[in-house]
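Following: one structure in structure tokens, then a few remarks.
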Amino acid sequence: MTKRGKFITVEGVDGAGKSTQFEVIANALKERGIDFVRTREPGGPQSAEKIRELLLNEPMTAKCELLVMFAARQENLTKIIRPALEAGKWVLCDRFTDASVAYQGYGRGRSLEEIEMLANFVHPDIKPDKTVIFDLPTEVAAARLSRKL
Ligand SMILES: Nc1ncnc2c1ncn2[C@@H]1O[C@H](COP(=O)(O)OP(=O)(O)O)[C@@H](O)[C@H]1O
Ligand SMILES: [Mg+2]
């Protein structure tokens, strides 16, 4: 039986440095000859990328946003994450369910119980093997995004 791959996620606000370090991790895996796939949230497969467009462009209630995030996550898991892990590949994912805790939970006021319930519904079998969290003062992230630093 093929050994299941490792599931690595990166988390942090926009401007924290996720994409930058994502490349560093990807290169480290390549150097070691580890086969991996990369994906992101919301997004990944075409269906979830379309949901991403909706999430980024259409104002919606916090409850709808939470459900739609998990709908996109369901697609990413079914079409990219689970098949890769089962084939023994590693998966690098730019944000995952921790981002729902931050954005839909603390950001938009949905309860952590709801998020846990949806996580148990959508991925009872999967949690990241390693999550790299980029934490920095919001003004530094904002300055980076506006290229002041
Ligand atoms: N450690 C760092 N120090 C200073 N600037 C950084 C650092 N890491 C990334 N940046 C810059 O900050 C900006 C946002 O980085 P990025 O990796 O795109 O963040 P994210 O993907 O989390 O939004 C980019 O311009 C990037 O070059
Ligand atoms: Mg990024």
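I'm checking my understanding of the structure. Among residues of the stretch 1-17 that are part of a loop (DSSP other than H, G, I, E, B), aliphatic (A, V, I, L, M) and within 14 Å of ligand 2 (Cβ to nearest atom), which one is nearest to D125 (Cα to Cα)? Lay out the reasoning, then the answer.
Quick first cut of the stretch 1-17, residues part of a loop (DSSP other than H, G, I, E, B) only: 1-6, 12-17.
With aliphatic (A, V, I, L, M) added as a condition, the list becomes 1, 13, 16.
Among the residues that remain, those that are also within 14 Å of ligand 2 (Cβ to nearest atom) are: 13, 16.
Values: V13: 26, A16: 29 Å.
Per the criteria, the residue is V13.
Specify the residue that is surrounded by the most Cβ atoms within 10 Å (Cβ to Cβ); the eligible residues are those in the stretch 117-144 that are within 21 Å of C93 (Cα to Cα) and within 16 Å of ligand 2 (Cβ to nearest atom).
Looking at residues that are within 21 Å of C93 (Cα to Cα) and within 16 Å of ligand 2 (Cβ to nearest atom), I get A141.
Go through the stretch 10-41 and count every residue that is among the basic types (K, R) and out of contact with any strand residue (DSSP E or B) (no Cβ under 6 Å at 6 or more places or on another chain).
Looking only at the stretch 10-41, we keep the residues that are among the basic types (K, R), and these are 18, 30, 32, 38, 40.
Subsequent filtering for residues that are out of contact with any strand residue (DSSP E or B) (no Cβ under 6 Å at 6 or more places or on another chain) retains 30, 32.
Residues flagged as among the basic types (K, R) and out of contact with any strand residue (DSSP E or B) (no Cβ under 6 Å at 6 or more places or on another chain) within the stretch 10-41 amount to 2.
Give the residues of the stretch 18-47 that are within 16 Å of ligand 2 (Cβ to nearest atom) and crowded, with 17+ Cβ neighbours inside 10 Å, sorted by residue number.
K18, F22, I25, R38, T39, R40, E41, P42, G43, G44
If I go through the stretch 76-94 residue by residue, how many of them are of a type outside the set (K, R) and either free of Cβ contacts under 8 Å to residues at least 12 places away in the same chain or out of contact with any Ser or Thr (no Cβ under 9 Å at 6 or more places or on another chain) (or both)?
Here the count works out to 5.
This table checks each residue for (1) farther than 18 Å from I133 by Cβ; (2) within 16 Å of ligand 1 (Cβ to nearest atom); (3) of a type in the set (G, A, S); (4) modelled with pLDDT of 95 or more.
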site	(1), (2), (3), (4)
E31	yes, no, no, yes
R40	no, yes, no, yes
E49	yes, no, no, yes
R52	yes, yes, no, yes
P83	yes, no, no, yes
R95	no, yes, no, yes
A102	no, yes, yes, yes
N120	yes, no, no, yes
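Within the stretch 22-40, which residues are out of contact with any Cys (no Cβ under 9 Å at 6 or more places or on another chain), of a type in the set (K, R) and outside any loop (DSSP other than H, G, I, E, B)?
If the condition is that a residue be out of contact with any Cys (no Cβ under 9 Å at 6 or more places or on another chain), of a type in the set (K, R) and outside any loop (DSSP other than H, G, I, E, B), then K30 is the only one that fits.
Looking only at residues that are in a helix (DSSP H, G or I) and touching a residue at least 12 places away in the same chain (Cβ under 8 Å) in the stretch 104-115, which one is surrounded by the fewest Cβ atoms within 10 Å (Cβ to Cβ)?
Step by step, filter the stretch 104-115, then rank; the result is E114.
The values are calculated or read from the model by the stated rules, or taken from the named source; none is laboratory data. Computed from a predicted model, the values in this text were never measured in an experiment. We place every Cβ from the backbone using ideal geometry, glycine too, and count neighbours over all the protein chains shown.
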